[in-house]
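Report on the structure given below.
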Amino acid sequence: MDFPEGQLVGLAEIAQMANVGRTVVANWRVRDLKFPRPVAELRSGPVFRLDQIERYLARRRKNMTYIVSTINLKGGVGKTTTTVALAEFLSGEFGRKVLVVDLDPQTNATTILISENRWSKLNDKGHTLATLFHDALRPDNEPEKFDLKATLQKGVSPVSAVGTVDLLPSSLDLIDVQDRLATMPSGRFYASRPVDLLHKAVRPLLPNYDYVLIDCPPNLGIVTLNGLRISNGYIIPTIPDVLSTYGIPQIQSRVADFARDIGEDIVELGIVVTKYRTGTTVHENTLARMKTDSTLPELFDEMVPEANQVASAAEHVAVSTLRQKYGYAGMFPLLRNLTEEFIKRAEASL
Ligand SMILES: Nc1ncnc2c1ncn2[C@@H]1O[C@H](COP(=O)(O)OP(=O)(O)O)[C@@H](O)[C@H]1O
Ligand SMILES: [Mg+2]
């Protein structure tokens, strides 16, 4: 046989190139008609032309948007910190295009990424996601006010090495919207169900991104469900203590029920342990329990310790690099590894 392009690869090499496991590649072969045909079946398995595989993987990566919600029923467990760090590392270290959707009325992801000052100006003009939800509640004779283009903030993050993160900002006004949406009779929403509002509004944007990260409020109310409605998966950041981990089984079952209702898969990508203190009995015990409880989502290997560098990352201060923001020795390599693990899990899930 003559292979003009020279190099051939097998399934193991493809898995390595794509940074996924072999079973994932096997799945693609079965499910995806565009997967290149093997040039030969050897005793060791099928072999493929490297150039065709490279083109396939590039196209696959380009066409996929991974949409991931960050959820925990408790506040203060590192949801926002994790979401923002993943967004910044996905962009700055892994060259991905990222959209952060801030659904939490506390607006922390928003102010970390664009500063309080810039947020306040947007908020005065109604250029936040609160307006999207307010529109659904307006009287019929009022025009829609949500302006997607003016609301989308491009090239956010105070780190100059982070060039490809965009943001849909939140607003404190989301608190009041959440309560009113919950008590709205469903007949009022002729055009959209209350959980479809975000989906309908942002659908045209999504294909522009490799990753969409949704920072959810600490509950499973209608606003969070709007985020889950468009998500392929979710992560649960948690402090390894009793109260923070208490609600995890409830999240799992509620999300699974909701996914069934809407007829989509919403995959458990895992638990991110945050603010971890080694040597603390409660943390060590909770961690041991979480590791052995096979009903819980799998823990990410990389765990984020309680660290000043992580706490101060909440300030919107201009720096050049992620190493400067998160610290050269400690947190930078750790968060980079966490992001790499996140990519592997996300890309294996679709
Ligand atoms: N690993 C960490 N070490 C130290 N402080 C942290 C860490 N992760 C988060 N924090 C701080 O804890 C507080 C709560 O974190 P945040 O991400 O806002 O939680 P959530 O979004 O779940 O409410 C913030 O002040 C944040 O800066
Ligand atoms: Mg938060």
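Quick look at the numbers
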read-out: DSSP-loop chymotrypsin sites (Phe, Trp or Tyr not before Pro) across the range 215-295, with at most 15 other Cβ within 10 angstrom; value: 246
read-out: 14 Å beta-carbon shell around residue 89, net charge (K/R +1, D/E -1); value: 0
read-out: The chain, relative contact order [Cα under 8 Å, separation at least 6], %; value: 22
read-out: Loop-exposed trypsin sites (Lys or Arg not before Pro) per DSSP, neighbour cap 11 Cβ within 10 angstrom, longest uninterrupted part of the chain; value: 155-350
read-out: In the range 1-86, GluC sites (Glu not before Pro) in a DSSP loop with at most 11 other beta-carbon atoms within 10 Å; value: 5
read-out: Cβ-derived FRET efficiency at R0 30 Å, residue 142 paired with residue 253, nearest 0.05; value: 0.20
read-out: For the chain, convex hull volume per residue from C-alpha positions, Å³; value: 161
read-out: Estimated [θ] at 222 nm from DSSP helical runs (n ≥ 4, -39500 (n - 2.57)) normalised by residues in the chain, nearest 500; value: -13000 deg cm²/dmol
read-out: When the range 8-60 is reduced to its Cα atoms, the Kirkwood hydrodynamic radius in Å; value: 10.9
read-out: Reachable lysines, given that their alpha-carbon falls under 28 Å from the alpha-carbon of residue 145 and they are not under 8 places away in the same chain; value: 97, 121, 125, 154, 200
read-out: Estimated inter-spin distance, residue 39 and residue 121, nm [label 7 Å along Cα→Cβ]; value: 5.7
read-out: Percent of beta bridges antiparallel (DSSP, the range 64-349, rounded to nearest 5); value: 5
read-out: Rounded, prolate or oblate (a/c below 1.5 giving rounded, otherwise prolate when a/b exceeds b/c) for the range 143-271 by Cα gyration tensor; value: oblate
read-out: Efficiency of FRET between residue 182 and residue 13 - r from beta-carbon atoms, R0 45 angstrom, step 0.05; value: 0.30
read-out: Sites matching GluC sites (Glu not before Pro) across the range 283-350 that sit in DSSP coil, with at most 12 neighbouring C-beta atoms within 10 Å; value: 315
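Computed from the coordinates by the stated procedures, all read-outs in this text should not be read as laboratory data. It should be emphasised that the depicted structure is a prediction, and the values quoted were computed from it without experimental measurement. Note that we place each Cβ from the backbone using ideal geometry, even for glycine, and neighbour counts take in every protein chain shown.
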